[in-house]
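See structure below.
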Amino acid sequence: MTTKIIQLDPNSFADEQLSEAGELIRDGQLVAFSTETVYGLGANALDSAACDAVFEAKMRPHDNPLIVHVLSPADFSQYAHTENQPLLSELARRFMPGPLTVVLPKKDIIPDAVTVGLSTVALRCPSHPVARALIRVSGCPIAAPSANLSGRPSPTAASHVSEDMDGRIPMILDGGEAEVGLESTVISLNGDEIRLLRPGFITVEDLKTVTDQVVISPAVLSALEQGVRPESPGMKYRHYAPKSPVTMVFGEENSVLAFFCKKLREGCGILCFDEDVSALKKLGFEKNVISFGSRSDLLSQASGLFDALRRFDTVSVPHIYTRETSRDELGLAISNRLLRACAFNCIEV
Ligand code: TXA
Ligand code: MG
């Protein structure tokens, strides 16, 4: 199969440019598309066979459910039971459309192929014009995981989608680089309580403006214990992994830099901040050092992380060492993705 790439200026395109994409979706085929978080791999969410094909194209484990994308939170009630959810309308008013996904009790119209048999469905209204146009032109809700091969870093550019999906899907809608660069915040609701299942651009601090009862699932920052049933199936997989193993290094500033130098001499890779790149350069190290953003700029870290992880696949290193980052606000999402890339392997130096 050849993969057709359609370039779209997200600020100025016509729905007609997506008419072929809409036909593909209605025909049960897959289309990768821009969202504000990461690229998605879309299928008609009401078509079981199309959703099965998503799992196949991504080589995704068959117990990890898909997020369903719709145009407006007003559409949620077609697919989920939204009654008795006292927080939902305020969450919708504050954060939708945007990078927030809510897990709700599903209605029968959503096939098991989407939810892998769970009684809940994850719903999200993307804000990106290309994602919205694809939903509009297709005329159906779009089930879409991130458009990477399972286990690989999520794609933040169409070129990343091509790396993983070329020849596996008929079309990529290239609406430019993803603004946020990390996947949506995923929450479930329990009366007046919000449970954070996956941190993202909508932060705990943001959610606390809606209710003070925000519980962070323990799996956000630590490995699930053997035999514990995950609140969200995605929690149990190693994610975002480059080909070489990654370890997070904790310690005093000077000890960490000295450790990085030692590992660079051994031929390892260092995934670090812009500031470390300058410091290591002064010490004579440049090769195998890749930055994911500035230490003081969480937005730059979020948008740079997955690209930096992918860039390590173009260099051959036996091991990658990285740093811890702030866990405040957007830092929680960055730490969560980094820790998962490390499969929670951390060392103190
Ligand atoms: O930003 C995003 O959310 C992107 C774009 C494309 O919208 N999508 C995305 O999908 O990240 P995916 O499949 O890579 O991640 C979906 C996560 C998984 O961790 C999955 O386990 C969880 O959402 N999830 C989906 N349905 C769920 C459910 N019913 N209950 C609990 N977790 C669910
Ligand atoms: Mg994913």
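The values are calculated or read from the model by the stated rules, or taken from the named source; none is laboratory data. Here the structure is a predicted model, which means the values were calculated and not measured. For neighbour counting, all protein chains shown are included, and Cβ atoms are generated from backbone atoms with ideal geometry for every residue, glycine included.
Could you tell me whether any residue of region 191-208 is in contact (Cβ under 8 Å) with a residue 40 or more places away in the chain, more than 14 Å from the chain's Cα centre (by Cα), outside any loop (DSSP other than H, G, I, E, B) and within 15 Å of ligand 1 (Cβ to nearest atom)?
yes
If we keep just the residues of region 220-260 that are within 19 Å of ARG295 (Cα to Cα) and of a type in the set (Gly, Ala, Ser), which is nearest to ligand 2 (Cβ to nearest atom)?
Of everything passing the filter in region 220-260, GLY251 is nearest to ligand 2 (Cβ to nearest atom).
Which ones in region 266-300 are surrounded by 12 or more Cβ atoms within 10 Å (Cβ to Cβ) and touching a Pro at 6+ places or on another chain (Cβ under 9 Å)?
GLY267, CYS268, GLY269, LEU271
Run down ARG124, ARG152 and say which single residue is within 16 Å of ligand 2 (Cβ to nearest atom), surrounded by 22 or more Cβ atoms within 10 Å (Cβ to Cβ), modelled with pLDDT under 95 and of a type in the set (Lys, Arg).
Checking each option against the conditions leaves just ARG152.
Does region 259-280 contain at least one residue that is free of Cβ contacts under 8 Å to residues at least 12 places away in the same chain and more than 19 Å from SER244 (Cβ to Cβ)?
Yes, there is a match, as at least one residue in region 259-280 is free of Cβ contacts under 8 Å to residues at least 12 places away in the same chain and more than 19 Å from SER244 (Cβ to Cβ).
For region 35-44, check the following and say yes or no: at least one residue is at pLDDT 95 or above, over 20 Å from ASP166 (Cβ atoms), within 16 Å of ligand 1 (Cβ to nearest atom) and part of a strand (DSSP E or B).
Yes, the conditions are met somewhere in region 35-44.
Looking only at region 205-230, filter to residues that are of a type in the set (D, E, K, R) and at pLDDT 95 or above; which one of those is surrounded by the most Cβ atoms within 10 Å (Cβ to Cβ)?
Filtering region 205-230 for residues that are of a type in the set (D, E, K, R) and at pLDDT 95 or above, the one surrounded by the most Cβ atoms within 10 Å (Cβ to Cβ) comes out as ASP206.
Let's see how each residue does on (1) under 25 Å from HIS239 (Cα atoms); (2) buried (at least 16 other Cβ atoms within 10 Å of the Cβ); (3) touching a Phe, Trp or Tyr at 6+ places or on another chain (Cβ under 6 Å):
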position	(1), (2), (3)
THR2	no, no, no
GLN7	no, no, no
PRO10	no, yes, no
ALA21	no, yes, no
ASP27	no, no, no
ALA32	yes, yes, yes
TYR39	yes, yes, no
TYR79	no, yes, no
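Name the residue that is farthest from ligand 2 (Cβ to nearest atom), counting only residues in region 41-59 that are under 23 Å from TYR240 (Cβ atoms) and either touching a Phe, Trp or Tyr at 6+ places or on another chain (Cβ under 9 Å) or free of Cβ contacts under 8 Å to residues at least 60 places away in the same chain (or both).
In this case the residue turns out to be GLU56.
Look through PHE201, PHE250 and report the one residue that is of a type in the set (Phe, Trp, Tyr) and more than 23 Å from VAL38 (Cα to Cα).
Checking each option against the conditions leaves just PHE250.
So which residues in region 100-120 are out of contact with any Asp or Glu (no Cβ under 6 Å at 6 or more places or on another chain) and either assigned to a loop (DSSP other than H, G, I, E, B) or within 13 Å of ALA144 (Cβ to Cβ) (or both)?
Residues satisfying the conditions are THR101, LYS107, ASP108, ILE109, ILE110, PRO111, VAL114, GLY117, LEU118, SER119.
Which residue is nearest to ligand 1 (Cβ to nearest atom), if the candidates are limited to region 226-249 and must be among the β-branched types (Val, Ile, Thr) and under 17 Å from LEU309 (Cβ atoms)?
It comes out as VAL246.
PRO126: over 21 Å from ASP52 (Cα atoms) and either in a loop (DSSP other than H, G, I, E, B) or in contact (Cβ under 8 Å) with a residue 60 or more places away in the chain (or both), yes or no?
Answer is yes for this residue.
Just to check your reading of the model, which residue among GLY176, GLY181 is in a loop (DSSP other than H, G, I, E, B), at pLDDT 95 or above, away from ligand 1 (no atom under 13 Å from the Cβ) and under 17 Å from the mean Cα position of the chain (by Cα)?
GLY176
I'm trying to understand the selection: among the residues of region 311-334, which are touching a strand residue (DSSP E or B) at 6+ places or on another chain (Cβ under 6 Å), surrounded by fewer than 18 Cβ atoms within 10 Å (Cβ to Cβ) and in contact (Cβ under 8 Å) with a residue 40 or more places away in the chain?
The one that is touching a strand residue (DSSP E or B) at 6+ places or on another chain (Cβ under 6 Å), surrounded by fewer than 18 Cβ atoms within 10 Å (Cβ to Cβ) and in contact (Cβ under 8 Å) with a residue 40 or more places away in the chain: GLU324.
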